[in-house]
Amino acid sequence: MTLSQNDGTKRWNNNAEQWHRLFGENDLNRRDLLDPLILQVLGNVKGKQILDAGCGDGYLCRKLAKLGASITGAELSQKMLGFAIEEQERAPLTISYYQANCSSLPFLLDSTFDVVLTNNVIQDMDDYQGAFKEFSRLLKSGGTYLHIMNHPCFMTPVWGWIKDDKGEKLYRKVDYYFKRGPFLCPWGPSYGMQPTVYWHRTLGDIINDLISCEFRINKVIEPEPPESWKTEHNDRMDAGRIPDFLVLVCERIAKEKE
Ligand SMILES: C[S@@+](CC[C@H](N)C(=O)[O-])C[C@H]1O[C@@H](n2cnc3c(N)ncnc32)[C@H](O)[C@@H]1O
């Protein structure tokens, strides 16, 4: 059975409640790795038009809107988006939400965004090339596409940790790097979430497709945990051995007509 985008969305619908409960401000990856990096890369967002593509429950939409940005959030899972809309109704911010597939956003106008960001979305998408085309169309000349995903070199169709008799992690296993396509990616038992559908592509695929869509890659970041994790969160120090995330800071090259 081939896994489809629809299967992926159903799984995100089923996981939405847990995601919303677990992946807020206190999530370590957000707090110590990704949020500071996102804010540093984007700088002053006041007055900027930002598309949060695959916005989930709207976590980043709210964070950036509170800093003065005008946000558009697009998300395919009705349940994930439901949490975003609920928060928006409770405490409105300058955010417009759409239930949509990010590979087709015809209701958004060409060259209207200063920033597009995908925070751990591209690996959950079937047609990522379609999404890159859309982001290229939607960004203004010189606009930023901030691409964050699970690192495709270390999360392949077969991956995990090889452990010794005592359960200590010896080294990371990665295999079938060139086996492109969907597979079911499990979450640790403590998350209580269904495996999600993950589409594997190679690093070369992603970079070359970004280049074809007229992006220049200005920076590559593989976030490393802060020193404090060694004492406070030693159980999460896997991330200091193998990077969980790949971040590409891309610039939309100048358009001829805008
Ligand atoms: C790991 S979650 C990340 C959510 C959000 N970016 C965040 O930072 O919390 C991945 C999200 O991508 C959404 N997604 C997957 N494929 C999508 C698509 N083709 N279009 C829009 N959203 C999509 C999923 O429904 C899910 O909410």
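Quick one: count up the residues across the stretch 192-204 that are part of a loop (DSSP other than H, G, I, E, B) and either among the β-branched types (Val, Ile, Thr) or on the phi > 0 side of the Ramachandran plot (or both).
Of all residues in the stretch 192-204, those part of a loop (DSSP other than H, G, I, E, B) come to 192-195, 201-202.
With either among the β-branched types (Val, Ile, Thr) or on the phi > 0 side of the Ramachandran plot (or both) added as a condition, the list becomes 192, 202.
So the count comes out to 2.
Here are the criteria: (1) assigned to a loop (DSSP other than H, G, I, E, B); (2) within 14 Å of the ligand (Cβ to nearest atom); (3) crowded, with 19+ Cβ neighbours inside 10 Å; (4) touching a residue at least 60 places away in the same chain (Cβ under 8 Å). Tell me which single one Leu34 does not satisfy.
That leaves (1) as the condition not met.
Kindly indicate whether any position in the stretch 40-49 is within 12 Å of the ligand (Cβ to nearest atom), within 16 Å of the chain's Cα centre (by Cα) and closer than 30 Å to Lys230 by Cβ. Spell out the reasoning first.
Taking the stretch 40-49 first, the residues within 12 Å of the ligand (Cβ to nearest atom) are none.
Within the stretch 40-49, not a single residue is within 12 Å of the ligand (Cβ to nearest atom), within 16 Å of the chain's Cα centre (by Cα) and closer than 30 Å to Lys230 by Cβ.
Tally time: how many residues in the stretch 205-223 are within 17 Å of the chain's Cα centre (by Cα) and part of a loop (DSSP other than H, G, I, E, B)?
Number of matching residues: 2.
Looking only at the stretch 102-117, decide whether some residue is within 16 Å of the chain's Cα centre (by Cα) and over 23 Å from Lys219 (Cα atoms).
From the stretch 102-117, those within 16 Å of the chain's Cα centre (by Cα) are 102-103, 115-117; that's our starting set.
Imposing the further condition that a residue be over 23 Å from Lys219 (Cα atoms) reduces the set to 102-103.
Checking the stretch 102-117: at least one residue is within 16 Å of the chain's Cα centre (by Cα) and over 23 Å from Lys219 (Cα atoms).
Lys173 fails exactly one of the following numbered conditions: (1) in a strand (DSSP E or B); (2) under 20 Å from the mean Cα position of the chain (by Cα). What is the number of that condition?
With respect to (1) in a strand (DSSP E or B); (2) under 20 Å from the mean Cα position of the chain (by Cα), Lys173 is out only on (2).
Within the stretch 112-120, can one find any residue that is part of a helix (DSSP H, G or I), in contact (Cβ under 8 Å) with a residue 24 or more places away in the chain and near the ligand (Cβ under 9 Å from one of its atoms)? Walk me through it before giving the result.
To start, the set of residues in the stretch 112-120 that are part of a helix (DSSP H, G or I) comprises none.
Checked the stretch 112-120: no residue is part of a helix (DSSP H, G or I), in contact (Cβ under 8 Å) with a residue 24 or more places away in the chain and near the ligand (Cβ under 9 Å from one of its atoms).
The numbers here are math on the coordinates, done by the rules we state, and not lab data. Predicted, not measured: the structure shown is a model, and the values here were computed from it. Note that each Cβ is placed from the backbone with ideal geometry, even for glycine, and that neighbours are counted across all protein chains shown.
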